[in-house]
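Report on the following structure.
Rule-based calculations on the coordinates, nothing more; no lab input. None of the values given here were measured: they were computed from a predicted structure. Cβ placement follows ideal geometry from the backbone for every residue including glycine, while neighbour counts extend to all protein chains displayed.
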Amino acid sequence: MTTGDKIFRQLRRRANQMFARLRPPPLTFVYGPHYECSWPGSAVDEVRGERILTALAAEGLVTFEQVRRPPLATYHAIRRVHADAYLDACQRPEVMADILGGLGVGEVDTARILDLQRAMTGGTMLATDIALGTGKIGVNLGGGFHHAHREVGRGFCVFHDVAVAIAEQRALGFHERVLVVDLDQHDGDGTRALFADDPTVFTLSIHNHHWGSTDAVASTSVALGDVVGDTLYLETVQLHLTEALRQHRPRLIYFLAGTDPAVGDKVGVWQISAEGMLERDIAVFEAIREFAPDAAVVVCLAGGYGPTTWQHSARSFAWLQSGHRGFEPPDNDELSLMRARHYAALLKPADLTGEGDDLGLTLEDLVPSLAATAREPRFLGYYSRQGLELALERHGLLGRVRAKGFQPSLEFNLVDPQRHILKIFGDPDHKELLFELVVHRDRRTIPGFELLSVDWLLLQNPREQFSADKPQLPGQRHPGLGLFEEVVALLIIACERVGLAGLVVTPSQYHLAVQWQKRLRFVDPRAAARMRAIREALPGASLVEAARALAEGRVVNHKTGETCSYEPAPMVFPISDELKAELDPENYLKAIDEVADEYRFQLSSPR
């Protein structure tokens, strides 16, 4: 992000904050720490809700006061909807595995998933209280478990949160009409079945295929098939939603704003554009304003799979909060860095170094003779062991590890002052290595600048298996941990904290260079030109396909036919203004173009 972009964002944020004082924002969000839960094989982004809140907060579109933490739904409330025998069976890992589509889970994962679903069910209950009690739109940044039936769960849905919330309101004396607008790409079969005989609850589901019987006294189920684009989708939503609002005249509306219809979703098959997703949500809220202006509205996220699905929800909520369509969410790398800088600002240097007290005195100040022996080694000459662990805790990295079912414990090796090692294990006995970082201060890569050199970075999940979605890449023993963006952001923060000019790494494998290249660039323009030529020779290839083609010698010089291979070269992320000036982007791009003709590759036929 350029300096101009930063200034513009700051001005836009202040404008949004001023506008919020004049027009109170219409949304109250519900989100809690239990939402950050994942399990082996899951396609769910466990920090989907946090990403949404971070992006909106950076724009001045949400404040701490507008976020409520939900309690776990009680089994007393859940029993109004689900049979006791089913609730007992859910405690067994084999039953939970069936609900998750065959994904293997143990007792610990089963308990965590139950807490996740109870928390999100409690979130929908709280969002309903907010909507009915305040007139604001209650947004649960989770929930929408529409496949759960009274005696069975499936499709990642254990408890039907919307049905539990409606049953709770009925018990409190609310008996008016309810409309459930389900725009997840998958059929809201559980909702329809639970309310099949209840004329006061109308269920509207627009999906690809029916998951069961569509018989119900108050329901519309529309199956559009697998080939769906913007025009058909938006016309269908507007037609059937308008009809349902006119026919049912609800007092309470649940909008399951699934983002799995979007193009690129890991599970969904439709091709709805980002613009189409925003237009869909705008159409829903404008129809509600026109035909049911007095209705209380609750939003649940429902389906949406992959690391960028949160962006669709963020655009819609930004429009609701501001009244403007122009918000474009940052990418995940930029979002992680924004979040890391926010938490870094909350930590004092003394918290991280372990030095100083209220008087600004250290042990060496008080007893100078101990200076040579009393000072413990510092990570990068700055972080104490306790300070680094505190930073990882406050930044949420250790919390993310716990959300994956691990009990993180740290191990430091600071004996060699030139080469520091940090390891994070997933168990107290240090048998499950999750994270290993080896770094040193580098003064050779770019003369005149001191950089943080990442000599080795390992992120792995030893409890997960390779699959079609997570294939094995060169050098991997286990699938990745899914925390690369956060770790890179923390490394950049460490450089800024310690006063280093930038971050440098020399990726050993092609796929690692592709991953690092999202934020770093090659120091040598020739290496950049070579990498660009390799990627151009492999258009549309996955990382596995590209790595295999290189390993098999199928990427060749288009003139000579000589085999091309990936050649490791230093990559840098400049932080200081001096280094940014030294690595002038305009001159850098010109230098790449000047040598581009030397690197022209093509893909040869398989041998």
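Counted over the chain, the DSSP beta bridges are approximately 50% antiparallel.
Using the Cβ atoms and a cut-off under 15 Å, what net charge is assigned to the surroundings of THR231, where Lys and Arg are +1 and Asp and Glu are -1?
Neighbourhood net charge equals -3.
For GLN407 and HIS342, what does the FRET efficiency come to when R0 = 25 Å and r is the distance between their Cβ atoms, rounded to the nearest 0.05?
Efficiency computed from Cβ-Cβ geometry: 0.40.
Using the Karplus relation 6.51 cos²θ - 1.76 cosθ + 1.60 with θ = phi - 60°, the per-residue 3J(HN,Hα) values for segment 294-307 come to 9, 6, 7, 10, 10, 10, 10, 6, 6, x, x, 10, x, x Hz, with x marking Gly and Pro.
For the chain, calculate the relative contact order in percent as a whole number, restricting contacts to Cα pairs under 8 Å that are 6 or more residues apart. Walk me through the numbers on the way to the answer.
Numbers: 1095 pairs, mean separation 59.7, N = 607.
Relative contact order for the chain comes out at 10 percent.
Note on GLU65, GLU485, GLU389, GLU578: ascending count of other Cβ atoms within 10 Å places them as GLU65, GLU578, GLU389, GLU485, the fewest first.
Placing unit charges on each Cβ (+1 for Lys and Arg, -1 for Asp and Glu) gives the chain a dipole about its Cα centre, and among LEU194, GLY212, CYS300 the Cα reaching farthest toward its positive end belongs to CYS300. The angle between the Cα long axis of helix 161-171 and the main principal axis of the chain comes to about 40°, on a 0 to 90 degree scale. For THR259, the residues 5 or more places off, or on other chains, whose built amide H falls under 5 Å of its own are GLY303, GLY304. Here each label is just a point 7 Å from Cα along the line to Cβ, and for ARG441 and ARG548 those points are 4.6 nm apart.
Count the net charge of all other residues whose Cβ sits under 9 Å from the Cβ of VAL595, scoring Lys and Arg as +1 and Asp and Glu as -1. In short, -2.
Put a dot 7 Å past the Cα of ARG535, heading toward its Cβ, do the same for ASP416, and the two dots end up 3.2 nm apart. Applying the criteria of a DSSP loop state and at most 16 other Cβ atoms within 10 Å to the trypsin sites (Lys or Arg not before Pro) of segment 427-511 yields LYS431, ARG443, ARG444, ARG477.
From its DSSP helices (H runs of at least four residues, each -39,500 (n - 2.57)), the chain gives a residue-normalised ellipticity at 222 nm of -12500 deg cm²/dmol.
Between the listed residues VAL555, PRO329, GLN517, the Cα displaced farthest toward the positive end of the dipole of the chain, a dipole computed from Cβ unit charges relative to the Cα centre, is found at PRO329. Diffusion coefficient of segment 521-607 by Stokes-Einstein, Kirkwood radius over Cα pairs, 25 °C, 0.890 mPa s: 175 µm²/s.
Relative contact order for segment 25-327: 20 percent, from Cα pairs under 8 Å spaced at least 6 residues apart, divided by residue count.
Spatially, segment 260-307 and segment 557-607 are offset by 41 Å when compared through their Cα centroids.
Compared with the alpha-carbon gap, the fully stretched path from PHE64 to HIS76 is longer by 1.3 nm at 0.36 nm per residue.
Rounded to two decimals, the Cα radius of gyration of the chain over 2.2 N^0.38 Å is 1.06. Counted residue by residue at 0.36 nm each, then reduced by the alpha carbon distance between them, the extension gain from ALA171 to ALA350 reaches 59.1 nm.
Each of ASP129, ASP182, ASP584 was scored by other Cβ atoms within 10 Å of its Cβ. Arranged with the fewest first, they read ASP584, ASP129, ASP182. Calculate the length of the line joining the C-alpha centroid of segment 105-124 to that of segment 70-93, in whole Å. Segment 105-124 and segment 70-93 have Cα centres separated by 11 Å. Applied to segment 193-206, the Karplus parametrisation 6.51 cos²θ - 1.76 cosθ + 1.60 on θ = phi - 60° returns per-residue 3J(HN,Hα) values of 5, 5, 10, 4, 9, 10, x, 8, 10, 9, 10, 10, 10, 10 Hz, with x for Gly and Pro. Extension gain, ARG154 to GLU496, is 118.4 nm, computed as 0.36 nm per intervening residue step minus the present C-alpha separation. Approximating the spin labels as points 7 Å out from Cα along Cα→Cβ, the SER273-to-SER565 distance works out to 4.5 nm. Under the convention that each Lys and Arg Cβ holds +1 and each Asp and Glu Cβ holds -1, the size of the dipole of the chain around its Cα centre is about 560 debye.
Suppose R0 equals 60 Å. What FRET efficiency, 1/(1 + (r/R0)^6) with r the Cβ-Cβ distance, do PHE466 and ASP294 give to the nearest 0.05?
Approximately 0.65, to the nearest 0.05.
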